Protein chains: 2
Amino acid sequence: MLKGVLPLLLLRLVSDAEDYGYSLVLRLQELGLADLNEGTVYPALSRLESRGLLGSRLVPSTTGPARKYYEITPAGAAELSGGVSAWESLARTVHSVLSPATSARNQR
Amino acid sequence: MLKGVLPLLLLRLVSDAEDYGYSLVLRLQELGLADLNEGTVYPALSRLESRGLLGSRLVPSTTGPARKYYEITPAGAAELSGGVSAWESLARTVHSVLSPATSARNQR
DNA sequence: CCCGGTACCTGGCAAAGTCAAGTAGCTGCC
DNA sequence: GGCAGCTACTTGACTTTGCCAGGTACCGGG
């Protein structure tokens, strides 16, 4: 399970430069999320769009059907930055619990 | 959302020393998971027990109803160690995607 | 002309967390 | 004695979200 960070990852990738679903799937797979499925990503993108965090436009491709490029909206950027801090905070907490005394001791 | 790390946190806390649900809720809240609810923790503990990762016994208390103490099983310990590496791997991946743009300035 | 790669969508499912409420033992206060 | 309030666990309905499977469709090459 991706534990709900997927939307965050998508926002982040798209915030660099607009991109389309299929490409995002491939990028995430290469980043180490090998068993990530299209059936997971596309709905996630749709949700983000319907929440107004992403915008999209169709662009014809010469190598296949039209691609749906997504770009981040201001609301999406806000969500992203809030989400990143939430994630960092959670990750720190989890790490401090999971890792034995060595690091748990001088964590804040 | 705690996104699936909760079982891991519980296994970890219990692996230190056996403990009961209510106490675990309080400990996790103090660790920074303030909006964590009993309704989240108790079912999570039950699931872990039904999967054979935790064992339990009832112990009468002088300050209220009997407490259900959980202790980790060998299977639970295995699950824990596997889960920790999975988490750390995921965390690393997520961090590497998220970090680049969120300038290093508001890191810890 | 069909196959394989590109590209998207959908519906049904299951796991896990949230919310809300309920049950019940215990202490202390009036 | 009764009630408030803390302790402690349980349960049910609901929602999100990821997983799986399948479907549609455009394209180039053998």
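The values are calculated or read from the model by the stated rules, or taken from the named source; none is laboratory data. Only a predicted model underlies this, so the values are computations on that prediction, with no experimental measurement involved. Positions of Cβ are generated from backbone atoms using ideal geometry, with glycine treated the same way; all protein chains shown enter the neighbour counts. Heavy atoms of the whole protein, side chains included, go into the accessibility calculation; ligands, DNA and RNA do not. Shrake-Rupley method; radii C 1.70, N 1.55, O 1.52, S 1.80 Å.
Summary table
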quantity	calculated
Shielding by partners - mean other protein chain Cβ count within 10 Å, residues of A:84-94	6
Mean projected area (nm²) of the alpha-carbon convex hull when the protein assembly as shown is viewed from all directions	14.3
Label geometry 7 Å along the beta-carbon vector: residue B:50 inter-copy distances in nm	3.0
Per residue solvent-accessible surface (Å²) - chain A, probe of 1.4 Å	55
Heavy-atom accessible area order for A:20, B:70, largest first, 1.4 Å probe	A:20, B:70
Accessible-area ranking of A:18, A:88, largest first, probe 1.4 Å	A:18, A:88
Accessible surface of residue A:79 - all protein chains present, 1.4 Å probe, nearest 10 Å²	80
Shortest-first nm distances, residue A:31 label point to equivalent points in other copies (7 Å, Cα→Cβ)	2.6
Surface accessible to a 1.4 Å probe, residue A:5 within the full protein complex, Å²	10
Accessible area, probe 1.4 Å, largest first, for residues A:62, B:93	A:62, B:93
Square roots of 5 times each gyration tensor eigenvalue, C-alpha, chain B, largest first, Å	30, 17, 10
Nonlocal amide H pairs with residue A:19, under 5 Å, H built at 1.01 Å	A:70
Calculated label separations, residue B:95, copies of the chain, 7 Å along the beta-carbon direction, nm	0.3
Label-point gap, in nm, between residue B:1 and residue A:37 - each point 7 angstrom along Cα→Cβ	1.6
Chain B: relative contact order in percent, alpha carbon pairs under 8 Å with at least 6 residues between	28
Fraction of accessible area attributable to carbon and sulfur, chain A (%, probe 1.4 Å)	54
